[in-house]
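J.: First the structure, which I've put down as structure tokens, then a few questions once you've had a look.
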Amino acid sequence: MDRIPILKLGGALIVSIQVDMHDRLALALEEDLTAMIARTGARGVLIEISALEIVDSFIGRMLVSIAAVSRVLDAETVVAGMRPAVAITLVELGLELTGIKTALNVERGMALIQVRLSEEDDGHGSDRDRHED
Amino acid sequence: MTVTKTEALPVRSGDDVVRVRQRVRALAVEIGLGLVDQTKIITAASELARNTLDYGGGGDVRMETVLAGTRKGLRLTFEDQGPGIADIEQAMTDHYTSGGGLGLGLGGAKRLSNEFHIESTPGSGTRVTIARWK
């Protein structure tokens, strides 16, 4: 079965969807990403969709579901590179990408994840502060 | 209104949904729809094909390029012989779903089309027709 490759870069996982998504591929991606987050302890997931010609409610649900599972595993999902026509259509369709951060392109998406990773470095200190209170 | 071309495809698997999207895209390009309109009709077709598959138990889609005066359009008719919809008004409501979906299919497809028509008879099936005009 086809699989979408997942790349690890520092504390982030990167996926670029380059094919027309069908059901099995979407489910496989969700499973693979979840397993990979658990295995690597990644804190950010970047999903690049500039090649996607449409996002329907099925693909939208997959993205929302990946983001929800990632969040439970303490990783944040950023969807990057959505085409303008896809964005217009999504809004008209009524699909809300709940719990997903979006970025115009991969560069800005990675910047969002980097913020999260650097907050984490500082974050341990503030967590400790809170416990001492 | 005259029909200038008719094609049909089965909607019986997830792969069929992908094929329907690809064919609708080709026809939308052929009649000269702009990029946003193409995206809208392909997305609407994807939603309706999935409804046909998930709720209608599979069916067929008829794709027609049509001409009204000098206006070109793309008309899609999704038909299944499934359980039908008892309450169409409720089914059209956003976020109402009888299955595991988001419940955006019918209402969303209507918003993405210039024309929308649904007929359903409980026990014998559902037919949804949409059109997008250039």
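The values are calculated or read from the model by the stated rules, or taken from the named source; none is laboratory data. All figures in this text were calculated on a predicted structure; none of them were measured in a lab. Cβ coordinates were reconstructed from backbone atoms using ideal geometry, including for glycine residues, and neighbour counts include every protein chain displayed. Each accessible area value is taken on the protein alone, full model and side chains, heavy atoms only, with ligands, DNA and RNA left out. Shrake-Rupley method; radii C 1.70, N 1.55, O 1.52, S 1.80 Å.
J.: Kirkwood hydrodynamic radius, computed over distinct alpha-carbon pairs, for region A:1-128: how many Å, to one decimal?
T.: 14.9
J.: Please tell me the relative contact order of region A:6-132 in percent, rounded to the nearest whole number, where contacts are Cα pairs under 8 Å and at least six residues apart.
T.: 25
J.: Hey, if you drop one equal point scatterer on each alpha-carbon of the protein assembly as shown and run the Debye formula without solvent, what base-10 log of I(q)/I(0) do you get at q = 0.13 Å⁻¹?
T.: With no solvent term, the Cα-only Debye profile gives -0.85.
J.: Counting each DSSP H run of 4 or more residues in chain A as -39500 (n - 2.57), what helix-only mean residue ellipticity at 222 nm follows after dividing by all residues, to the nearest 500 deg cm²/dmol?
T.: -18000 deg cm²/dmol
J.: Please give the average number of partner chain Cβ atoms lying within 10 Å of the Cβ of each residue in A:83-89, rounded to a whole number.
T.: The shielding value for this peptide is 5.
J.: Another question about this same structure. Using only C-alpha positions, report the orientation-averaged shadow area of the convex hull of region B:23-132, nm², one decimal.
T.: Reported value for the Cα convex hull: 6.5 nm².
J.: Put +1 on the Cβ of each Lys and Arg and -1 on the Cβ of each Asp and Glu in chain B; which of B:M1, B:V18, B:G58 then has its Cα farthest toward the positive end of the dipole?
T.: My answer, from the dipole projection, is B:M1.
J.: Sort B:S124, B:S46 by heavy-atom solvent-accessible area, probe 1.4 angstrom, most to least.
T.: Result, largest first: B:S124, B:S46.
J.: Using a 1.4 angstrom probe on heavy atoms only, work out the carbon and sulfur share of the accessible area of region B:2-133 in %.
T.: That fraction is 50 percent.
J.: Further question: Once you've got the GNM for chain B with C-alpha springs shorter than 10 Å, pick whichever of B:E119, B:E79, B:E64 has the biggest mean-square fluctuation.
T.: B:E119
J.: Could you give the accessible area per residue of the protein assembly as shown, probe 1.4 Å, as a whole number in Å²?
T.: Accessible surface, normalised per residue, equals 48 Å².
J.: What does the helix-only formula give at 222 nm for chain B: each DSSP H stretch with n ≥ 4 adding -39500 (n - 2.57), the total divided by the residues, and the result rounded to the nearest 500 deg cm²/dmol?
T.: -11500 deg cm²/dmol
J.: Suppose we keep just the DSSP beta bridges with both residues in chain A; what percent of those would be antiparallel, to 5?
T.: Bridges in chain A that DSSP calls antiparallel: roughly 25 percent.
J.: Can I ask one more? Sort B:25-38, A:49-62 by packing, meaning the average of other beta carbons within 10 Å per residue, with the highest value first.
T.: A:49-62, B:25-38
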